[in-house]
Amino acid sequence: MPLRAATATVDLGGHVVALVRARIKGLGELQGYLVAVALRAMRKQVVATEPGRRPADVLGTRPMTGLVFPSGTFAAYLFDCDGTIADSMPVHRQAWMEALAPHGCEFTDEDFYGWAGMPTDHIVELLNRKYGLRMPVAEVFTAKEEAYYRLMPTVRGVPEVVAALRDAPPGVKRAVVSGSPRASVEKTLEFLGLRGYVDEVVAAEDYTQPKPAPDPFLEAARRLGVAPAQCLVFEDAVLGIKSAQAAGMPWVLVDPRALRAARPDP
């Protein structure tokens with residue numbers, strides 16, 4: 001079910017008040033992001049809700065994780081990497097700026113976040129078409145990845161998603177499904193100390209049709225030996241949500257910025 005315009009205010013025993021808004025434009029197209037406000041209490045967290053869900057429903061969805069899990073049990077968890085497991089989108093943004101600067105190419109926030117989940121070489125091709133440029137795809141690809149590896153020490157995990165990965169119920173298989181190159185995904189997981197929790201990695205080299213096509217998530221389900229309907233997807237991006245929907249998989253929407261804002265002050 002696509003997420004539509006919704007607002008929910010939840011009082012958890014008088015300790016937590018969270019207000020989250022999500023917007024959508026067009027059937028099945030997620031547009032926008034979670035915005036956390038009114039977060040002053042003994043604890044802080046974000047709760048997102050679909051239309052028609054009552055506060056009582058939200059209270060039963062693992063509120064202490066800051067994520068909303070759909071009802072039911074699942075045989076596999078499929079995680080996007082950048083922006084979902086890793087709070088790495090600002091780092092990737094900086095890497096892109098460094099790689100594109102010699103070519104005088106713009107990369108707006110709208111395009112950067114709108115194309116999140118798309119393979120790096122596809123993004124270079126899209127930028128070439130949009131701005132009438134002839135940037136060498138392989139050269140920009142290499143420059144961008146090298147810049148990301150250099151900046152990687154500043155990447156941190158998204159604690160709420162890391163907890164879901166590490167603390168998955170017994171028997172639940174886990175895969176990472178990304179539009180980034182395999183080397184980038186593997187290095188990010190190793191840097192965060194999470195590679196040992198992952199059964200399979202599906203990266204840009206492993207499919208021909210990237211997100212929003214269902215292929216990446218379907219390939220992960222195939223490798224894990226799990227039916228698509230028994231897979232739960234964790235995603236932060238529009239293209240990733242659409243990919244999960246196309247694959248017939250339920251999903252959890254992750255917004256690292258909202259979750260970051262909602263955490264208790266250190």
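The values are calculated or read from the model by the stated rules, or taken from the named source; none is laboratory data. Model, not experiment: these values are computed from the prediction. Cβ coordinates were reconstructed from backbone atoms using ideal geometry, including for glycine residues, and neighbour counts include every protein chain displayed.
Go over the candidates Ala213, Ala229, Ala163 one by one and state the one that is surrounded by fewer than 19 Cβ atoms within 10 Å (Cβ to Cβ), of a type in the set (A, V, I, L, M) and free of Cβ contacts under 8 Å to residues at least 24 places away in the same chain.
Values: Ala213 fails: free of Cβ contacts under 8 Å to residues at least 24 places away in the same chain; Ala163 fails: free of Cβ contacts under 8 Å to residues at least 24 places away in the same chain.
Answer to the check: Ala229.
From the list Val140, Val158, which one is β-branched (Val, Ile, Thr) and out of contact with any Asp or Glu (no Cβ under 6 Å at 6 or more places or on another chain)? Break it down into steps so the answer makes sense when it comes.
On the way: Val158 fails: out of contact with any Asp or Glu (no Cβ under 6 Å at 6 or more places or on another chain).
Residue meeting the stated conditions: Val140.
Quick grid of which residues meet (1) over 29 Å from Pro153 (Cβ atoms); (2) in contact with a Gly (Cβ under 8 Å, 6 or more places away or on another chain):
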| residue | (1), (2) |
| --- | --- |
| Ser180 | no, no |
| Tyr197 | no, no |
| Glu200 | no, no |
| Asp206 | no, no |
| Ala221 | yes, no |
| Val226 | yes, no |
| Ala229 | yes, yes |
| Leu232 | yes, no |
| Ala237 | no, yes |
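Are there any helices (runs of 4 or more DSSP H) wholly within region 118-235 with 3 or more residues that are touching a Cys at 6+ places or on another chain (Cβ under 9 Å) and at pLDDT 95 or above, and if so which?
On the way: elements: 120-131, 137-151, 159-166, 182-192, 215-224.
Result: 120-131, 182-192, 215-224.
Filter region 78-117 down to the residues that are within 13 Å of the chain's Cα centre (by Cα), assigned to a helix (DSSP H, G or I) and of a type in the set (A, V, I, L, M, F, W, C) and list them by number.
Met89
Quick one: count up the residues across region 148-199 that are under 13 Å from Ile85 (Cα atoms) and of a type in the set (Asp, Glu).
The number of residues fulfilling the criteria is 3.
Residue under question is Ala244, and the condition is that it be at pLDDT 95 or above, part of a helix (DSSP H, G or I) and not assigned by TED's automatic domain parsing to the domain that holds Tyr148; does it hold? Before the answer, list the steps.
Values: at pLDDT 95 or above: yes; part of a helix (DSSP H, G or I): yes; not assigned by TED's automatic domain parsing to the domain that holds Tyr148: yes.
Judged against the criteria, Ala244 is a match.
Looking at Val185, is it under 17 Å from Ala204 (Cβ atoms), in contact with a strand residue (DSSP E or B) (Cβ under 6 Å, 6 or more places away or on another chain) and buried (at least 18 other Cβ atoms within 10 Å of the Cβ)? If you could, list the steps in order and put the result at the bottom.
On the way: under 17 Å from Ala204 (Cβ atoms): yes; in contact with a strand residue (DSSP E or B) (Cβ under 6 Å, 6 or more places away or on another chain): yes; buried (at least 18 other Cβ atoms within 10 Å of the Cβ): yes.
In short, yes.
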